[in-house]
Ligand code: FA5
């Protein structure tokens, strides 16, 4: 049997056909190829391609048979090739026309089967997501502060040094900037001001006071960035909620009362808390606020003996910095420092979430492992 991989592109002599009775298997092969192709043409574009491939004047299969089989055929074969070609042409033309009518009238069986919908099949189950634990903790905190008259504002994560540092009473070369080393944007040399990823949510204290007159009572949830090396309690991207309350008569007692109320609502009445003197250039006096370590029960000793690695033996974990707004800050926003007073705080949300939900590594918040996230859905 001659090689008929693509027999129509070769002459009969190349195919080794010398006698008329060898032709019938060749034509059978070509016909079954046509049958297969026309049966796959279920729409007009596919029908068009099939038609051109078979009836195309220059390189359609029938034109190839005319050029390669009929014309160069020996006189003995010519008549049989001509008869086979005519028979094939009649079949191709009639089936192509029949398929056209079927497609136009929409009665093509295969196409109908393709479009048919089986209503008894079960639907596609789409997994339902849930809020990330950090988002949930933001919500819990917002609800507590809503209940005592605070509202939420949000601000840009890309900041100018003015809002992130200078207007918060942190001039250039102030040593506090070392603790808040951050990521600067790579800007063209002639850019009007450098830009950085904010190191805390405190710039929104300034932006809020620039826009609003007292009384001001806002919280600011958001992402912040620092060039801190990652470990169990540090990440280079983390979350804070800033708080700011300014009015004519706000005292240190209002401040401690608000913080105590928040912590008891968030952690429950059993948690022990303490204020420690601290320093921030934009609050005076400044404090750090600690809660007793939930991992060692405040003893500083790990369950199996040895120092508790979470609080490093202190029995306390630092939650946030806070204080009474430094009067120097009011100078940057045209508030009358003699008339107004207020307090501000900046909480690390990741650490609040770790403490409340007993999570011992901050990195899990950023790894997006659904097995971890699902525990809080
Ligand atoms: C501040 O960021 C001040 N802006 C807070 C403030 C606001 C003080 C208003 C006074 C008035 P501090 O650098 O301590 O302060 O950060 C606040 C909290 O963010 C920390 O207590 C801690 O909970 C969290 N935090 C700080 N660095 C990281 C870090 N790399 N990864 C995770 N949490 C962090």
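No value in this document is a laboratory result; all are computed from the given coordinates. Every value quoted in this text rests on a predicted model; they were computed, and no experiment measured them. So basically every Cβ, Gly included, is an ideal-geometry build from the backbone, and we count neighbours across all protein chains shown.
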Crossing angle, helix 133-146 versus the chain [Cα axis fit, 0-90 degrees, rounded to tens]: 40
Given a Förster distance of 35 Å, report the FRET efficiency between residue 58 and residue 21 from their Cβ-Cβ distance, rounded to the nearest 0.05. 0.70
Which whole-number percentage describes the relative contact order of the chain, with Cα contacts under 8 Å and a sequence gap of 6 or more? 13
For the pair residue 66 and residue 314, the simple spin-label estimate (label points 7 Å beyond Cα toward Cβ) gives in nm 9.3
Report, largest value first, the span of the C-alpha coordinates of the range 1-50 along each principal axis, in whole Å. 41, 17, 13
Compute the angle between helix 23-39 and the longest alpha-carbon principal axis of the chain, please, reported from 0 to 90 degrees and rounded to the nearest 10. 30
Once the convex hull of the alpha carbons of the range 292-377 is built, what does its volume come to per residue, in cubic angstrom? 155
Taking every eigenvalue of the Cα gyration tensor of the range 127-187, multiplying by 5 and rooting it, what semi-axes result, largest first, whole Å? 32, 18, 11
Using Cβ contacts closer than 10 Å as the measure, can you line up 43, 350 from fewest to most? 43, 350
For the range 126-276, one quarter of the surface area of the C-alpha convex hull, expressed in nm², comes to 13.4
The Cα extents of the range 223-290 along the principal axes, largest first and rounded to whole Å, are 40, 32, 22
Counting just the Cα atoms, what span does the range 243-354 cover along each of its three principal axes? Round to the nearest Å and put the largest first. 56, 26, 21
Place a label point 7 angstrom from the Cα of residue 49 along the Cα-to-Cβ direction, then list the residues of the range 78-94 whose backbone nitrogen is under 14 Å away. none
Binned Cα-Cα distances of the range 7-115, short to long, each 5 Å bin given as a whole percent: 2, 12, 22, 21, 15, 11, 8, 5, 3, 1, 0
Cβ-based exposure ranking for 47, 69, 54, in which fewest neighbours within 10 Å come first: 47, 54, 69
Spacing of the two label points (7 Å from each Cα toward its C-beta) at residue 211 and residue 339, in nm: 2.2
Cut-off is 10 Å between beta-carbons; in what order do 310, 58 appear when sorted fewest neighbours first? 58, 310
How large is Rg/Rh for the range 133-376, to two decimals, with Cα atoms and a Kirkwood Rh? 0.97
